[in-house]
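**Q** My questions all concern the structure below.
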Amino acid sequence: MILDMAGATHSARNVEALAQRGRLVHLSPGDGAEFRAPLRSIMAKEVRITGSLLRPLPLVEKSLIADQLRRVVMPLVHDGSVRAWVQETYAVQAAGAAHERLESATVPPLCP
């Protein structure tokens, strides 16, 4: 599963990085880039692509999502079943630089 918070800028590379029957979840429309990826790859891998705008959801619904994350996802993170791939970290004072990097067109290598 890939959680994409940068919009559709890296669509094709995300599809390439997914495993068979992987999921690509968009949590931000980013800069409004159009989603573009080879349909053949999507079909061959049986990829599921979805997304959600969380910000406009009612607080009650957001709370239910947070509860599910705590109950279902966080135990998987804690036991090592799910690992985040972190390419870079920034000090809070460099938040502006972190956002610039995220929004830049440079593409990091695919995760191992």
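The values are calculated or read from the model by the stated rules, or taken from the named source; none is laboratory data. Just so you know, these numbers come straight off a predicted model, no measurement behind them. Here the Cβ positions follow ideal geometry from the backbone for every residue, glycine too, while neighbour counts run over all protein chains shown. We work out accessible area using only protein heavy atoms, side chains counted, and drop any ligands, DNA or RNA first. Shrake-Rupley method; radii C 1.70, N 1.55, O 1.52, S 1.80 Å.
**Q** I'm checking my understanding of the structure. Among residues of segment 20-49 that are outside any loop (DSSP other than H, G, I, E, B) and either open to solvent by less than 80 Å² (accessible area, probe 1.4 Å) or small (Gly, Ala, Ser) (or both), which one is modelled with the lowest pLDDT?
**A** That would be His26.
**Q** When Asp67 is evaluated against the numbered criteria (1) among the acidic types (Asp, Glu); (2) in a loop (DSSP other than H, G, I, E, B); (3) within 18 Å of Val82 (Cβ to Cβ), which criterion, by number, is the only one it fails?
**A** Failed condition: (2).
**Q** Still on this structure, please answer the following. Hey, among Leu57, Leu102, which residue is in contact (Cβ under 8 Å) with a residue 40 or more places away in the chain and surrounded by 12 or more Cβ atoms within 10 Å (Cβ to Cβ)?
**A** That would be Leu102, the only listed residue that is in contact (Cβ under 8 Å) with a residue 40 or more places away in the chain and surrounded by 12 or more Cβ atoms within 10 Å (Cβ to Cβ).
**Q** Which one of these does Val15 not meet: (1) of a type outside the set (Ser, Thr, Tyr); (2) in a loop (DSSP other than H, G, I, E, B); (3) open to solvent by less than 60 Å² (accessible area, probe 1.4 Å)?
**A** That leaves (2) as the condition not met.
**Q** Being of a type outside the set (Ser, Thr, Tyr), in contact (Cβ under 8 Å) with a residue 24 or more places away in the chain and within 19 Å of Ala6 (Cα to Cα) narrows it down to one of Gly32, Gly96, so name that one.
**A** Gly32 is the lone residue from the list that is of a type outside the set (Ser, Thr, Tyr), in contact (Cβ under 8 Å) with a residue 24 or more places away in the chain and within 19 Å of Ala6 (Cα to Cα).
**Q** Further question on the same structure: Any residue in segment 79-86 that is open to solvent by 70 Å² or more (accessible area, probe 1.4 Å), touching a His at 6+ places or on another chain (Cβ under 9 Å) and of a type outside the set (A, V, I, L, M)?
**A** no
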